[in-house]
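Visitor: Quick one: the structure is below, questions incoming.
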Ligand code: BDP
């Protein structure tokens, strides 16, 4: 799906701002709130998660539907074109109404959707209502326990009969279930005959690039492409909806040294400009090659998470986070645990940040966290997520396929690859094939593995890169870094025998900023540094080890509970982006580790 852009053929209207808002008290749909102005509405900022914009635990932890509303007017002169209403992301389920009529519905909180709206529009003011459901359950991604599970609030003890507890979401994942219209809402137009999609797949041939392209169009007409370099000079042209062109003396997109070309596509009166970068990706033996050289991932698992905005788009924060990443000497991150905003992906293209792009499939594990029952269950029978999982893979790749920053797809985070290896093998085998089929560039594909009895894990070895979340020294052998080191070394010895590139996609220790101890124990800043030094001692000795992505870039919000004090504190930065001691240690380490050839 193309990102909406303003140009000579297309108009673009941004609906960011203050909307009317109301929590559904159960009467929203019955009383048809979508048909008239909301009574006694609150104000709410869009885009943004709603949860932290007002006070009160019932507001923050609201369960179920909320209603957003505003009026829109579309200039008459635009009505000669197609008019689309587009949402960057609405978490997790949206019903969109114009003047009381259903425009569309969308499931999934982290990918865009759009609909033509001309047939719903009236002259003058139009009432736009978006009903949003934040429920997570056994058919959503991320996964939640059916509501009110007794693990809510970290309840380790059984519930007491007769006590009426607040109805809440029970996320099977460790980040706050922020919800609402979290990314921009836009109206844009296109000519009646229009460019529906553009795909560009470059491959490097010596000093040149061959770029295979395909332009999906609706209507009749000629497609032409004019390709320009960063100086605006034309470096190639092409015509026809499908074909290829060459770029001589190509300037490669390199990690931390981005270079972008732009393809100006013309079709009838429609225009669309798609940027792309030329770089190659290859997994060869135990190496991860970018532009033919062995790349070493230095970076993080992150979250879209900040004060007040929740998971709402915050471009200042995005710019700042990448600046901090560069300051540390890092070069990459994973979009844990859902596809990030399109704006962030564009920024990474421009800054040369290498991205592992992850679906929202987190918590696909019926024997872990909020869903654990004691009796092992077959995750892939208990949960009803397969179709939606396929859908998010298709939509994520359709959205992100042209980004040079994306070097690998992650199908899921910490799914059940332990208890029922056979059903997991079938499930992820099929999803792996689906990702390859969807991606015209056939990027490497992985699944991020949970700490498990790794020798029994049949799923991870099927992937192109072995990605491991490991907590030796925290959830296992917490406080005993010597034992942790032995265990990690043992595991690395095992993975060496598999003969694929291995990287850590999570490892970390909760750390309270400002807590210092001469004898380091868990939660103090010295322990976090010692923890990382221990892991690095092991992995530096592994020639097949291609990268370290720590958990987490910054402290982040989670559900309240006995496991978390004001959120997850494994950040290298605090939630307001102040460095902990470990940041200075990492900076020293990473500035001395080259992006390429570290293990050569
Ligand atoms: C891993 C999860 C991540 C958690 C992390 C932790 O992938 O989402 O936040 O552990 O416990 O299991 O900090």
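Visitor: Can we say residue 515 is away from the ligand (no atom under 16 Å from the Cβ) and out of contact with any strand residue (DSSP E or B) (no Cβ under 8 Å at 6 or more places or on another chain)? Even if it seems obvious, please write down each step before you answer.
Guide: Working: away from the ligand (no atom under 16 Å from the Cβ): yes; out of contact with any strand residue (DSSP E or B) (no Cβ under 8 Å at 6 or more places or on another chain): no.
No: the conditions fail for residue 515.
Visitor: Having 3 or more residues that are more than 26 Å from the chain's Cα centre (by Cα) is the bar; report the strands (runs of 3 or more DSSP E) wholly within the stretch 1-49 that clear it. Lay out the reasoning, then the answer.
Guide: Details: elements: 12-14, 17-23, 42-46.
Answer list for the stretch 1-49: 17-23.
Visitor: What number of residues within the stretch 254-287 satisfy the criterion of being in contact with a helix residue (DSSP H, G or I) (Cβ under 8 Å, 6 or more places away or on another chain) and in a loop (DSSP other than H, G, I, E, B)?
Guide: As a first pass, look at the stretch 254-287 and keep what is in contact with a helix residue (DSSP H, G or I) (Cβ under 8 Å, 6 or more places away or on another chain): 256, 258, 260, 275, 277.
From what's left, in a loop (DSSP other than H, G, I, E, B): 256, 258, 260, 277.
Going through the stretch 254-287 one residue at a time, the tally reaches 4.
Visitor: Also, quick follow-up: Just to check your reading of the model, which residue among 366, 370 is more than 13 Å from the chain's Cα centre (by Cα), part of a helix (DSSP H, G or I), over 25 Å from residue 576 (Cα atoms) and within 16 Å of the ligand (Cβ to nearest atom)?
Guide: Residue meeting the stated conditions: 370.
Visitor: Taking residue 339 and the conditions (1) assigned to a loop (DSSP other than H, G, I, E, B); (2) out of contact with any strand residue (DSSP E or B) (no Cβ under 8 Å at 6 or more places or on another chain), which numbered condition does it fall short on, given that it satisfies the others?
Guide: For residue 339, the exception is condition (2).
Visitor: Out of everything in the stretch 401-422 that is over 20 Å from residue 137 (Cβ atoms) and not in a loop (DSSP other than H, G, I, E, B), what residue ends up being farthest from the ligand (Cβ to nearest atom)?
Guide: Going residue by residue through the stretch 401-422, those that are over 20 Å from residue 137 (Cβ atoms) are 401-411, 417-422.
Within this subset, residues satisfying the condition of being not in a loop (DSSP other than H, G, I, E, B) are 406-411, 421-422.
On the way: 406: 20, 407: 20, 408: 17, 409: 17, 410: 11, 411: 14, 421: 19, 422: 23 Å.
Restricting to residues being over 20 Å from residue 137 (Cβ atoms) and not in a loop (DSSP other than H, G, I, E, B), the top hit is 422.
Visitor: Follow-up. If I ask for residues that are in contact with a strand residue (DSSP E or B) (Cβ under 7 Å, 6 or more places away or on another chain) and at negative phi, which ones from the stretch 413-438 would you list? Before you say what the answer is, go through the steps one by one.
Guide: Looking only at the stretch 413-438, we keep the residues that are in contact with a strand residue (DSSP E or B) (Cβ under 7 Å, 6 or more places away or on another chain), and these are 413-415, 417, 428, 431-432, 435-436.
Selection gives 413, 415, 417, 428, 431, 432, 435, 436.
Visitor: Now for a different question. Find all pairs meeting these conditions: Cβ atoms under 7 angstrom apart; at least six residues apart or on different chains; first residue within the stretch 268-285 and on the phi > 0 side of the Ramachandran plot; second residue surrounded by fewer than 17 Cβ atoms within 10 Å (Cβ to Cβ) and not in a loop (DSSP other than H, G, I, E, B).
Guide: Close Cβ pairs (under 7 Å, with a partner that is surrounded by fewer than 17 Cβ atoms within 10 Å (Cβ to Cβ) and not in a loop (DSSP other than H, G, I, E, B)) do not exist here.
Visitor: Identify, please: which residue in the stretch 454-480 is assigned to a strand (DSSP E or B) and more than 26 Å from residue 289 (Cβ to Cβ) and is, among those, farthest from the chain's Cα centre (by Cα)? Quick ask: steps written out before the conclusion?
Guide: Just the residues of the stretch 454-480 that are assigned to a strand (DSSP E or B), to begin with: 466-469, 472, 476.
Now restrict to residues that are more than 26 Å from residue 289 (Cβ to Cβ): 472, 476.
Values: 472: 26, 476: 28 Å.
Ranking the qualifying residues of the stretch 454-480, first place goes to 476.
Visitor: Filter the stretch 162-182 down to the residues that are within 16 Å of the ligand (Cβ to nearest atom), part of a strand (DSSP E or B) and out of contact with any helix residue (DSSP H, G or I) (no Cβ under 8 Å at 6 or more places or on another chain) and list them by number.
Guide: Within the stretch 162-182, none qualify.
Visitor: Taking the options 111, 141, name whichever one is outside the structural domain of residue 32 (by TED's automatic domain parsing), modelled with pLDDT of 95 or more and under 30 Å from residue 363 (Cα atoms).
Guide: On the way: 111 fails: outside the structural domain of residue 32 (by TED's automatic domain parsing).
Every option except 141 fails the conditions.
Visitor: Within the stretch 356-363, is there a residue that is away from the ligand (no atom under 16 Å from the Cβ), in the same structural domain as residue 574 (by TED's automatic domain parsing) and assigned to a loop (DSSP other than H, G, I, E, B)?
Guide: The answer is no, given that none of the residues of the stretch 356-363 is away from the ligand (no atom under 16 Å from the Cβ), in the same structural domain as residue 574 (by TED's automatic domain parsing) and assigned to a loop (DSSP other than H, G, I, E, B).
Table: residues versus (1) at pLDDT below 95; (2) farther than 21 Å from residue 448 by Cβ; (3) surrounded by 22 or more Cβ atoms within 10 Å (Cβ to Cβ).
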| residue | (1), (2), (3) |
| --- | --- |
| 293 | no, yes, no |
| 308 | no, yes, no |
| 335 | no, no, yes |
| 362 | no, no, yes |
| 372 | yes, no, no |
| 383 | yes, no, yes |
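Visitor: Hey, any hits in the stretch 532-547 for a residue that's within 24 Å of residue 421 (Cα to Cα), assigned by TED's automatic domain parsing to the domain that holds residue 423 and touching a helix residue (DSSP H, G or I) at 6+ places or on another chain (Cβ under 6 Å)? Lay out the reasoning, then the answer.
Guide: Going through the stretch 532-547, the residues within 24 Å of residue 421 (Cα to Cα) turn out to be none.
No, that holds for no residue.
Visitor: Can you name the number of the only condition in (1) over 26 Å from the mean Cα position of the chain (by Cα); (2) part of a loop (DSSP other than H, G, I, E, B) that residue 217 fails?
Guide: So the condition that residue 217 fails would be (2).
Visitor: Ok, one more. So which of 398, 330, 323 ends up being away from the ligand (no atom under 16 Å from the Cβ) and without any contact (Cβ under 8 Å) to a residue 12 or more places away in the chain?
Guide: Details: 398 fails: without any contact (Cβ under 8 Å) to a residue 12 or more places away in the chain; 330 fails: without any contact (Cβ under 8 Å) to a residue 12 or more places away in the chain.
Exactly one residue qualifies, and that residue is 323.
Visitor: Could you check the stretch 518-558 and list, in sequence order, the residues that are away from the ligand (no atom under 16 Å from the Cβ), in a helix (DSSP H, G or I) and within 23 Å of residue 595 (Cβ to Cβ)? Quick ask: steps written out before the conclusion?
Guide: Residues of the stretch 518-558 that are away from the ligand (no atom under 16 Å from the Cβ), as a first pass: 518-521, 524-526, 529-530, 533-534, 536-547.
Adding the requirement that they be in a helix (DSSP H, G or I) leaves 525-526, 529-530, 533-534, 536-539.
Within the stretch 518-558, 533, 536, 537, 538, 539 meet the criteria.
Visitor: To continue, here is another question. Name the single residue, out of those in the stretch 560-573 being away from the ligand (no atom under 11 Å from the Cβ) and either buried (at least 17 other Cβ atoms within 10 Å of the Cβ) or not in a loop (DSSP other than H, G, I, E, B) (or both), that is modelled with the lowest pLDDT.
Guide: Step by step, filter the stretch 560-573, then rank; the result is 561.
Visitor: Another question about this same structure. Would you please name the residue that is nearest to the ligand (Cβ to nearest atom), looking only at residues in the stretch 288-306 that are outside any strand (DSSP E or B) and on the phi < 0 side of the Ramachandran plot?
Guide: The qualifying residue nearest to the ligand (Cβ to nearest atom) is 303.
Visitor: Among the candidates 477, 471, 507, which residue alone is in contact with a helix residue (DSSP H, G or I) (Cβ under 8 Å, 6 or more places away or on another chain), free of Cβ contacts under 8 Å to residues at least 60 places away in the same chain, within 16 Å of the ligand (Cβ to nearest atom) and over 20 Å from residue 330 (Cα atoms)?
Guide: Values: 471 fails: in contact with a helix residue (DSSP H, G or I) (Cβ under 8 Å, 6 or more places away or on another chain); 507 fails: over 20 Å from residue 330 (Cα atoms).
The conditions single out 477.
Visitor: Could you please find all residues in the stretch 333-355 being more than 16 Å from the ligand (Cβ to nearest atom) and within 30 Å of residue 383 (Cβ to Cβ)? Step through it out loud before you land on a result.
Guide: Step one: filter the stretch 333-355 for residues more than 16 Å from the ligand (Cβ to nearest atom), giving 341-355.
341, 342, 344, 345, 355, listed by residue number.
Visitor: Here's a check for you: in the stretch 435-453, which residue that is within 15 Å of the ligand (Cβ to nearest atom) and not in a strand (DSSP E or B) is nearest to residue 362 (Cα to Cα)?
Guide: As a first pass, look at the stretch 435-453 and keep what is within 15 Å of the ligand (Cβ to nearest atom): 446-452.
Applying the additional criterion that residues be not in a strand (DSSP E or B) yields 450-452.
Numbers: 450: 11, 451: 14, 452: 16 Å.
By that ranking, first place goes to 450.
Visitor: Tell me, please, whether a residue that is over 22 Å from residue 310 (Cα atoms), touching a residue at least 24 places away in the same chain (Cβ under 8 Å) and in contact with a helix residue (DSSP H, G or I) (Cβ under 6 Å, 6 or more places away or on another chain) can be found in the stretch 74-97.
Guide: The answer is yes; a qualifying residue exists.
The values are calculated or read from the model by the stated rules, or taken from the named source; none is laboratory data. Since the model is a prediction, treat every value here as computed from it, not as a measurement. Counting neighbours? That spans all protein chains shown, and the Cβs are built from the backbone with ideal geometry, glycine included.
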